Amino acid sequence: MNKFSKLVAFMLGAALAFAMASCSNSAGNGDTPTVKPPTVTYIGAKAPSEAKAVGDIVFSDGSATPYSADLQLTDAQKAKAIALIFYKGTGLNSGDDTTTSRTLGVGLKHSSSGLAWCTGSANAYSMNITTIQCTPKGKAGALTFTGDKDGSDNLSQIGTFLASNSSADDTATAANYPAFYFAKNYKNTATNIAGTDYEDGWYLPSIAELFQIYACRADAENGFNIDAASALCGGSSFGSSIYWQSSQFYSGPYYVNILKFDNGDWVVYGKQNECSVCAVRAFD
């Protein structure tokens, strides 16, 4: 063998020995080589599996970012923002449920024009629906509530009440209940939730739930101004408008309460009148 051939053979042998040593070091004693997991990127700073808190901005992938006065969002994040978390706790449950914690968020897009709670031709118009009464008490801006505080099933409760009181359940007719169906079909307004895990489950809040949104107008404890957070995301503002809620007025079949966002007080309003509407859903 000439010197060149010997040199090539030596180099090949050295390379083989190095490779075998490397394999031995990386998987010695039967250990499996370490494989790094792929990097996962979310729209927000908090992963979808992380519990959401009051003041969080929720995105369409389920991730979230806590709002702060100096927070900045990219245009891509603004396009994917879907809700603001305004409540977490057990105090807005109905009945005897004092343990189930609910996390509620309000949609960023409100009705662009006034809507009726129900029309004059709706069967609920002339009915005092006692099962969805939620009674406010106290001074403006510091209200407390008794009764049915969870509005998530109020539309179905209307249907059940009608049927049990010798009246046809017409709640499947969207035209009869405009405010309820704005919330129920919220994906038609907030198109960035269509096709996501959050396209369904939206509803017209009870007056107790709506007041909790008002309480987040300037929450000193959490530093959360819900109108400022919505504006950051390109959403609607509550301002000083009046908003529908899904609770029946406790006295008089033709009326429900509305909440005034200028001072956090309530007034009685005829069901067929028109005012602003927002949509909420659970984010547990």
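The values are calculated or read from the model by the stated rules, or taken from the named source; none is laboratory data. Here the structure is a predicted model, which is why all the values come from computation and not from measurement. Neighbour counts run over all protein chains shown; Cβ positions are idealised from the backbone, glycine included. Areas reflect the complete protein model, heavy atoms only, side chains present, ligands, DNA and RNA absent. Shrake-Rupley method; radii C 1.70, N 1.55, O 1.52, S 1.80 Å.
Numbers at a glance
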| item | result |
| --- | --- |
| Complete set of residues in the stretch 203-215 that are within 16 Å of LYS88 (Cβ to Cβ) and open to solvent by 10 Å² or more (accessible area, probe 1.4 Å) | PHE211, GLN212, ALA215 |
| Residue ID - nearest to GLU50 (Cα to Cα), chosen from residues in the stretch 61-106 that are charged (D, E, K, R) and modelled with pLDDT under 95 | ASP70 |
| Criterion: closer than 15 Å to PHE249 by Cβ and outside any loop (DSSP other than H, G, I, E, B) - qualifying residue of THR146, THR103, THR65 | THR146 |
| Considering residues of the stretch 262-278 that are among the hydrophobic types (A, V, I, L, M, F, W, C) and open to solvent by less than 30 Å² (accessible area, probe 1.4 Å) only, the residue nearest to TYR186 (Cα to Cα) | CYS278 |
| Count of residues meeting criterion [at pLDDT 95 or above and open to solvent by 10 Å² or more (accessible area, probe 1.4 Å)] in the stretch 241-261 | 7 |
| Subset of the stretch 83-110 (residues that are under 28 Å from THR173 (Cα atoms) and either of a type in the set (Val, Ile, Thr) or open to solvent by 20 Å² or more (accessible area, probe 1.4 Å) (or both)) | SER94, VAL106, LYS109 |
| Search result, residues across the stretch 55-74 that are within 24 Å of THR191 (Cα to Cα) and not polar (S, T, N, Q) | GLY55, ASP56, ILE57, VAL58, PHE59, ASP61, GLY62, ALA64, PRO66, TYR67, LEU73 |
| Residue satisfying condition, being over 19 Å from the mean Cα position of the chain (by Cα) and not hydrophobic (A, V, I, L, M, F, W, C), within set TYR203, TYR186, TYR177, TYR214 | TYR177 |
| All positions within the stretch 156-202 that are of a type in the set (Val, Ile, Thr), open to solvent by less than 50 Å² (accessible area, probe 1.4 Å) and outside any loop (DSSP other than H, G, I, E, B) | ILE158, ILE193 |
| Hey, ALA69 closer than 25 Å to ASP150 by Cα and open to solvent by 40 Å² or more (accessible area, probe 1.4 Å) or not | no |
| Residue tally, condition over 26 Å from GLY195 (Cα atoms) and polar (S, T, N, Q), over the stretch 47-103 | 9 |
| Any hit, the stretch 217-231, residues being crowded, with 22+ Cβ neighbours inside 10 Å and assigned to a loop (DSSP other than H, G, I, E, B) | no |
| Answer residue from the stretch 44-62, given it is under 16 Å from ALA229 (Cβ atoms) and assigned to a loop (DSSP other than H, G, I, E, B) and is most open to solvent (accessible area, probe 1.4 Å) among those | ALA45 |
